[in-house]
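The values are calculated or read from the model by the stated rules, or taken from the named source; none is laboratory data. Values in this document were obtained by computation on a predicted structure and should not be read as measured data. Here the Cβ is made from the backbone with ideal geometry for all residues, glycine too, and neighbour counts use every protein chain on show. In case anyone asks, the SASA skips ligands and DNA or RNA and just uses the protein heavy atoms, side chains included. Shrake-Rupley method; radii C 1.70, N 1.55, O 1.52, S 1.80 Å.
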Amino acid sequence: MAQILPIAGALLLGVAQLGFIGALRRTARVPTAVAPAVAVALQLILAFACGLAGALSLAPFVIVGVGGFLLGIEVRRGRQALLGHVIDPSVVVLAVLTAALVWILPGARLLHYDNFSHWGLVVRFMLRQDRFPTATDTIVGFHTYPLGTASWEYAVARLLGGREWQMMLAQGYILATACVSILALTPRRRWAGLVGVAALVVAFLLHGPRLDTLLVDNVLAAWTIVGLVTISACRGNVGRAAFPLAVLCAALVATKQTGVFWVIVLCLTGLVLRAASPWQRALSLLAPALGAGLTWAAWRRHTATAFAGLPDSKHSFSREQVREMLAEKTPEVRAQIHDLFLTAVRGDQLLWLALAGLALALAVAGRVRHRPRRAAVAMGGAALVSVLFLGGQYAVYVLSMPALEALQLASFDRYLSTLHLVLAAAALIVGAHLAEQTRPSRSAGAFVMGLGGVVSLLVTSWPRPLWSPVDGTLRDRVESAFATVSVPPGSEICLYGDHPSGYLRYLVRYVSLADDVVSTPVPDRAGGPIPPACDYVAVVDRSPRAAAYLRASGYPVTDTVPVVMQR
């Protein structure tokens, strides 16, 4: 029975995907290759809405129920309509990519630091409690971070069995739908579309967060790429793109606060298309803005209610936090951050090569289609987006990040990976248009030009390990320590050792789901009292001093580690 249930859940998820894809193709006239990405974005919003309504446990059933109902409608329309979904090239390619994920992900574990501090922790909490965290759940520290992707990962993992690799599968599927979307631009030249799919797959594998994490920087890029493809595919009738863009922009805002930036980029891209009529361009602006605005307002209302009285979490750009971060940083520290940031940007080969690849693709497009001015304007827009994005990241370091982290330019490469991936995909989009619309003798060369952005990623990222380069032995020790201990909610664990790291503290909290884990220094005087707040004491790394101290305090501790004991 334990093996049958995940298979049944996978079949139900597959049925739901076909139902959503079919409905989007038929009723909303969403391009076939874009429909899978819009479908998963819509399901993400449904799961997110269930969580906001206090009914997170219903999310899997809502997704499967709505998808099954929509597929039933397609079946009633006839067998031909159903076969059209199953044998469509984009659905077949997506099935192959999903099968590849199912093949390589089983057994993968979360090891990256940020999974234990938030992205994986919050999904694990939701799987245990079947609800969003509230003010009483101090285990979740970044309470202002939207839970859109976490809601989708919760729904998929709940249907498939709740394992970590199934959470990764849910996120990997989002990336796969973004890769497949490029086929919408090459209905006549399938070979070019398949090359584009392969290029995007390689780009996501070699750049940004890895497959064995739940960090969302690449998910932001995925939603943005699908939005750009949708606008490009519907450029003659951009009003047709209004609904899918509204869904994608809602998903962007539900994924991370910085998704607002990419919402603005998509809205302005649709607005400036000259091929569309004024009302269509207005619709392509208003519909996505409405979808994003409603999602943002719903999340803000939730945080204001669920976390009333609590200060905003880190990186939230609240007034109080900005004042605190500015007060913490002296003028000398801010000047040092400024110099370090400029040096890092100047040395970011990926950024400059991706821009060069896009510039090359646009230059070829301008020459082939005799529109050099429009190509120059497009490149100017890409450069402006890059400058604004970099300015936003600089503001993060100065206004919302503690001085120590800011001086290390923490997560700089990961933050910028979103921009790198979007620029590379933009080059592919230009190349795909050229391959589709130019004469056969020119199409191959034109599409090669569009590969420039992705090639730039390969040049500077290869070789890169597929999995996170973190030794898993520490996690093995922690899991073995807590294998026979069930820590009830609300508990606090005192972690003893010579020098317990922040990584170890977050890892223990992730595995135990304790409300708090305190790295407790070993007192110089043996036999001193254990802090009264400690419900459990733990020693993970070998520490004779910690073992001697706990023995003197009455605990039957040996030098063998790891060990966890209730106070």
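At a glance:
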| quantity | calculated |
| --- | --- |
| Between helix 331-346 and the chain: long-axis angle, C-alpha atoms, 0 to 90°, nearest 10 | 50 |
| Phi-based couplings in Hz for the stretch 393-398 (Karplus 6.51, -1.76, 1.60; Gly and Pro marked x) | 5, 4, 5, 4, 5, 7 |
| DSSP bridge pairs, the stretch 474-566: antiparallel proportion in percent, nearest 5 | 30 |
| Sequence-distant residues sharing a close amide H with S519 (under 5 Å, placed H) | L495 |
| C-alpha long axis of helix 164-180 to longest principal axis of the chain, angle in ° | 20 |
| Table column - 3J(HN,Hα) (Hz), the stretch 483-500, Karplus curve with 6.51, -1.76, 1.60, x for Gly and Pro | 4, 10, 10, 10, 8, x, x, x, 7, 10, 10, 9, 9, 9, x, 5, 8, x |
| Per-peptide average of other Cβ atoms within 10 Å, ordering 544-556, 172-184, 257-269, 339-351 highest first | 172-184, 257-269, 544-556, 339-351 |
| Residues of the chain: accessible area per residue with a 1.4 Å probe, Å² | 42 |
| On Cα atoms only, tilt of 452-461 relative to the major axis of the chain in degrees | 20 |
| The stretch 43-151: radius of gyration over Cα atoms, expressed as a fraction of 2.2 N^0.38 Å | 1.37 |
| Computed over the stretch 474-566, Cα set: Rg, Dmax in Å | 11.9, 32 |
| Cα convex hull of the chain - mean projected area over all directions, nm² | 27.9 |
| Mean residue ellipticity (222 nm) of the chain, computed from DSSP H runs ≥ 4 via -39,500 (n - 2.57), nearest 500 | -21000 deg cm²/dmol |
| Partnerless cysteines, meaning none of the other Cys C-beta atoms lie under 4.7 Å away, in the chain | C50, C179, C234, C249, C267 |
| Percent antiparallel among DSSP beta bridges (both partners in the chain, rounded to 5) | 30 |
| Whole-Hz couplings from phi, Karplus 6.51/-1.76/1.60, listed for the stretch 530-540; x for Gly and Pro | 6, x, x, 6, 6, 8, 9, 10, 9, 10, 9 |
